Amino acid sequence: MAGLLILTAALAAAAPSAAPAPQELADLRDQIARERTRLDEQQRALDAQRTRLEELERTMVAKLGSGPETQSAAVTPGGVPLPPSPPAPAPGSAEAGAPSRARSAAIQPVGQAPTDQRQVQVAVLAEQGGVITRAGRLTLEGDLEYARADRNRVVFRGIEIPQSVLIGVFDINESRQDVLTMAGVARLGVTNRLEVNARVPYVYRSDRSVLAPVSDPAMPNAGQIDKPVSDGGLGDVDFGVRYQFTNGTGGRPYLIAGVQGIAPTGTNPFAVNRDALGNATEAATGAGFWGVSPSLTAILPTDPAVLFGTLGYTINFGRSINRTIGPAFIEYVKPGNEPAASLGIALSLNPRTSLSFGYAHTWAFGTRTRLRLSDAQTGELGELQRTKTRDLQLGRFLFGVSYRTSLKTTINWNVEVGATDDATDLRTTLRIPLSLNLF
């Protein structure tokens, strides 16, 4: 009997609870419908508010030029805007709401400066520049550059016996070159993706070479020729156009293609005055050849850095010279083309200051020349000869510092140090751009 009572109690406990009354079910359905309607109304209100904020943002883009449509609009000249830092989530907040809050935090009221104005100035991209200048903005830039190159060469023609005793003739050649360049640069944004630019340099160049053919060990300085030459004037003007394919949003890099032309407006090295031996008595301020240089630059903003890389190829056009220089009559000269690449990183230290590090390498193919040697006694020209110089490897380490003084002006200073024997030993440049709105 006791077991039957226990079994009955267990079955009663395991039996399902009584079904709710129909009226209670109807009340629950009505409550769910009301809550769903209220939620839909709140969603529509949020959508309307988001649409209103987007309209305000587009209005700000049209008036001030800041926003995702043109990343370079509110950027100082040559700067790259970093992606906005997402705000820290509030304690206890759900992850699902974080994207909406980050979007709302990234949108600033019209007429107020954005709270996140961090930018990185890629100081070492002097030739390529940063992102495209926005439509209607003119950037004027003053450049001051100094370059120094030292060359030392010792040629020995003779025989060598043990104990390093040399018997023969030495030809010692030492040259030093100092080049100071002051240039004016102008960049104009035609559209938010298209930019035209031009650069007009003034070049002061000082060359000093020492030629010391030594034939008599008792007179080590016999025959030494010291040739200091200095001169200044207009350098080679370059001009070009750049087009920006992407705007750097969504984690994608800026892709900027450009074509730069070089005009031989400087003093032609084949036109300067020379002595009877062919040594220049004036310093040339230009290369003397037309050239065109297409390039592709990729700039990837991260936080708090910017990665950048450039691929370029300079095509130099040859021309007829038809001039006697020393014992040779130069008919035609074709400088070699120059593939080039650079890679680096720029770091943002604070909203005003950034550092840039990189490496650039240029492979300059040899120069081809057609010439005829002249007889020293009769002056008659010999048979046509074709020569080609060796290729040059120009490697440079890059370092740069940028300081933004205002939204319109930034001071950029960069240094190039030669990493190969053929490269210029040192090159340092100070650039100060200023932006103006034309239309």
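Within region 205-220, the presence of at least one residue that is modelled with pLDDT of 80 or more, surrounded by fewer than 19 Cβ atoms within 10 Å (Cβ to Cβ) and over 17 Å from residue 294 (Cβ atoms) is confirmed. For the residues 88, 74, the requirement of being small (Gly, Ala, Ser), surrounded by fewer than 10 Cβ atoms within 10 Å (Cβ to Cβ), part of a loop (DSSP other than H, G, I, E, B) and modelled with pLDDT under 85 singles out 88. Among the residues of region 189-204, what is the count of those that are of a type outside the set (Gly, Ala, Ser), surrounded by fewer than 19 Cβ atoms within 10 Å (Cβ to Cβ) and not in a loop (DSSP other than H, G, I, E, B)? Residues flagged as of a type outside the set (Gly, Ala, Ser), surrounded by fewer than 19 Cβ atoms within 10 Å (Cβ to Cβ) and not in a loop (DSSP other than H, G, I, E, B) within region 189-204 amount to 5.
Give the residues of region 317-338 that are without any contact (Cβ under 8 Å) to a residue 24 or more places away in the chain and over 38 Å from the mean Cα position of the chain (by Cα), sorted by residue number.
If the condition is that a residue be without any contact (Cβ under 8 Å) to a residue 24 or more places away in the chain and over 38 Å from the mean Cα position of the chain (by Cα), then 322 is the only one that fits.
This table checks each residue for (1) at pLDDT 80 or above; (2) exposed (fewer than 10 other Cβ atoms within 10 Å of the Cβ); (3) part of a helix (DSSP H, G or I).
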{"site": "4", "(1), (2), (3)": "no, yes, yes"}
{"site": "12", "(1), (2), (3)": "no, yes, yes"}
{"site": "16", "(1), (2), (3)": "no, yes, no"}
{"site": "19", "(1), (2), (3)": "no, yes, no"}
{"site": "33", "(1), (2), (3)": "yes, no, yes"}
{"site": "36", "(1), (2), (3)": "yes, no, yes"}
{"site": "41", "(1), (2), (3)": "yes, no, yes"}
{"site": "45", "(1), (2), (3)": "yes, no, yes"}
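Is one or more of the residues making up region 393-408 exposed (fewer than 15 other Cβ atoms within 10 Å of the Cβ) and over 22 Å from the mean Cα position of the chain (by Cα)? Within region 393-408, not a single residue is exposed (fewer than 15 other Cβ atoms within 10 Å of the Cβ) and over 22 Å from the mean Cα position of the chain (by Cα).
The values are calculated or read from the model by the stated rules, or taken from the named source; none is laboratory data. Keep in mind that this is a model prediction, so the values were computed, not measured. We place every Cβ from the backbone using ideal geometry, glycine too, and count neighbours over all the protein chains shown.
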